[in-house]
Amino acid sequence: MKKQRQIAQKKVRPLFSEIDPSLINFASTDYLNLSIHPYVRKQGISYAIKWGSGLLPTRGLPSYELALRSTEELFAKLLGFETVTFYESDPYLLRHLSSLNERPILLQHSISKKTGTMHSLEDLLFLKKETQSILAVNDSLSFSALGTNGFGLMAGQPGIDILLGSFSKCFGSYVSFIATSKELKSALFEKIPALHKEQFISPIFLGMIDASIKLIPSMDSERKKLLKLNSTLFKTLQKIGFEPIKTKAPFVSLTISESAELKKLGLHLSDHSFIASPSPGGITFFPNTNLSEKNIFELQKSFASYRADLHVEAL
């Protein structure tokens, strides 16, 4: 069996060429590089071998149903909620709902991707009380990087009725999650048919999710490295004349109002083998533990040449 597997592996050829190793990626929200972690990969492959790698109605297999439930229950406990439901990612899942159990829904992100601004939980809880709302918070951008044991800013926080997140930020899967009470889960399933797509979650992603949630609490040293890189990046951008927005987010945002300048900067970075995350009115740099201070120094040199080009154009 081992010999047959080795022969099969030799015959496998990639569909795409390998990523250029010279590229320096400041656009990845895989802060801790879980997508390439040996344990996460191994667990994903193990689940795929056992239950298949396709998007099949795998809940028809009792053993897979048990594995899925076990991971959901463990994750719910780690997040501090009664239940967790994995489902096929849809960022607008709750936006179509104006109310739930006859109460309005207050939907907010814990961190703004555009600015890195963190929304105060106290303010959200005050607004929830004033409007008698159900508070739903999307905590995807802090998951794995911030909060108790790395499970995000809102994990275990009292007063949050629905916690939303996505594993697409960690390792590029299409799976999101909803953590809530049993009562609200029942109401959500009744209101949103899309949640029933959870039965189609691929085993390979379930294996990676299971491995990730077990790894994240033990990755304190990686989170410290991430925050140190973030601080260095912030100071570097300040040093070369930019005005990054000061926040406690695990990334750094620049506001650039002129669309022509934003486009020019994006092209310059691309020409110098840097990838960042553009958005209307700005650009965001996401450090991750695969980067180093040397990479930030190289970014600084690239920006220096960008400034020099602007000066030449002005003349």
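Just so you know, all these numbers are worked out from the coordinates, no wet-lab data involved. Keep in mind the model is a prediction, meaning the values are calculated, not measured. Positions of Cβ are generated from backbone atoms using ideal geometry, with glycine treated the same way; all protein chains shown enter the neighbour counts.
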Residue 103 versus residue 61: modelled label distance in nm, points set 7 Å from Cα along the beta carbon direction:
3.9 nm
Residue 92 versus residue 221, label points 7 Å from Cα toward the beta carbon: distance in nm?
4.5 nm
For residue 112 and residue 242 in the same chain, what is the full-extension length gain: residue separation times 0.36 nm, less their Cα-Cα distance, in nm?
44.8 nm
Given backbone amide H placed at 1.01 Å from N, residues whose amide H is under 5 Å from that of residue 201, ignoring those fewer than 5 places away on the same chain, are none
If neighbour count is taken as other Cβ atoms inside 10 Å, put 69, 41, 223, 103 in order from fewest to most.
69, 103, 41, 223
Quick one: grab the alpha carbon gyration tensor of the chain, order the square roots of its eigenvalues as a ≥ b ≥ c, and give me rounded if a/c is under 1.5, else prolate or oblate depending on whether a/b is larger than b/c.
oblate
Choice from 143, 303, 234 with maximal GNM fluctuation in the chain (Cα, 10 Å cutoff)
303
Only sites in a loop by DSSP and with at most 15 other Cβ atoms within 10 Å count here; which GluC sites (Glu not before Pro) in the stretch 67-104 make the cut?
82, 102
How many nm separate the modelled label positions at residue 70 and residue 46, each set 7 Å beyond the Cα in the direction of the Cβ?
1.0 nm
When the chain is treated as a GNM, springs tying every alpha-carbon pair under 10 Å, which of 196, 96, 119 comes out with the largest mean-square fluctuation?
96
How charged is the neighbourhood of residue 167? Take every other residue with its Cβ under 12 Å from the Cβ of residue 167, and add Lys/Arg as +1 and Asp/Glu as -1.
-2
In the structure shown, do any of 214/248; 225/248; 228/248; 239/294; 77/182 have a Cα-Cα gap over 18 Å, and if so which?
214/248
Explain nothing, just compute: Karplus ³J(HN,Hα) = 6.51 cos²θ - 1.76 cosθ + 1.60, θ = phi - 60°, for every residue of the stretch 75-84 in order, whole Hz, x for Gly and Pro.
5, 4, 5, 5, 7, x, 10, 5, 9, 10
Report the antiparallel proportion of the DSSP beta bridges in the chain as a percent, rounded to a multiple of 5.
65 percent
Under a Cβ-Cβ cut-off of 12 Å, what is the net charge of the residues other than residue 36 that fall near it, where Lys and Arg count +1 and Asp and Glu count -1?
+1
Please report the antiparallel percentage of DSSP beta bridges with both residues in the stretch 36-217, rounded to the nearest 5.
60 percent
